[in-house]
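**Q** Handing you a structure now.
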């Protein structure tokens, strides 16, 4: 998914374009106004950044100012399973994980994490996780918007990981060395499970390992859950993806 507006004409940088019909409807759908920046794809499949210079209900004039190539998504598919943290840390994790190229984000409740109901009661506002992902895609100019799944229990989250792929679980009290695990395989898809402040319980670790997850650690320091999630995704993209 992108915010491209597809045109049936050739675009030239510095030359204003007159549009109406479906492209104009697409502008209004995106809430564009005079001065708004938009992405165009012309009749030859080339992509441009442009600015709306005049706009009415019947027509619009847009000025292209830069040609570019839409980014290619990472060859590595990363599914992030994140225990729900307190306050607005989940929003921050979604934003940064999206910028780093994850394909799916699954919030879940573990034994030591806060519940969604508890968090919403404290914040007194509804979460808008998918909207945050969409905004992060626009900012990072990704080609696809990651899917933010519904909030699940720990066991429901594990059931989501039934397709083939490497399964990793961060566990600060032990586990394999991450570098060694990554060098042993070249997966195209990785499920990564990050716990809450306080980490996973021994029962949760055992249950996950019985379902194919491998416990790994990120060095000797104890990291906050949001720090661990973003560092792990960054390492995976650097080693196996497109960073």
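**Q** Given the structure, is residue 60 outside the structural domain of residue 188 (by TED's automatic domain parsing), at pLDDT 95 or above and in contact with a helix residue (DSSP H, G or I) (Cβ under 7 Å, 6 or more places away or on another chain)? Quick ask: steps written out before the conclusion?
**A** Working: outside the structural domain of residue 188 (by TED's automatic domain parsing): yes; at pLDDT 95 or above: yes; in contact with a helix residue (DSSP H, G or I) (Cβ under 7 Å, 6 or more places away or on another chain): yes.
Considered against the rule, which asks whether it is outside the structural domain of residue 188 (by TED's automatic domain parsing), at pLDDT 95 or above and in contact with a helix residue (DSSP H, G or I) (Cβ under 7 Å, 6 or more places away or on another chain), residue 60 comes out as yes.
**Q** Scan the range 14-26 for residues that are within 31 Å of the chain's Cα centre (by Cα) and at pLDDT 90 or above and jot them down.
**A** 24
Residues checked against (1) buried (at least 18 other Cβ atoms within 10 Å of the Cβ); (2) over 15 Å from residue 129 (Cβ atoms):
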| site | (1), (2) |
| --- | --- |
| 68 | no, yes |
| 77 | yes, yes |
| 83 | yes, no |
| 87 | no, no |
| 90 | yes, no |
| 94 | yes, no |
| 98 | yes, no |
| 101 | yes, yes |
| 107 | yes, no |
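**Q** Evaluate the range 150-158: report whether one residue or more is buried (at least 19 other Cβ atoms within 10 Å of the Cβ) and out of contact with any helix residue (DSSP H, G or I) (no Cβ under 9 Å at 6 or more places or on another chain).
**A** Taking every residue of the range 150-158 in turn, at least one turns out to be buried (at least 19 other Cβ atoms within 10 Å of the Cβ) and out of contact with any helix residue (DSSP H, G or I) (no Cβ under 9 Å at 6 or more places or on another chain).
The values are calculated or read from the model by the stated rules, or taken from the named source; none is laboratory data. Since this is a predicted model, take the numbers as computed values, not measurements. Neighbour counts are summed over all protein chains in view; Cβ atoms, including those assigned to glycine, are modelled from backbone coordinates with ideal geometry.
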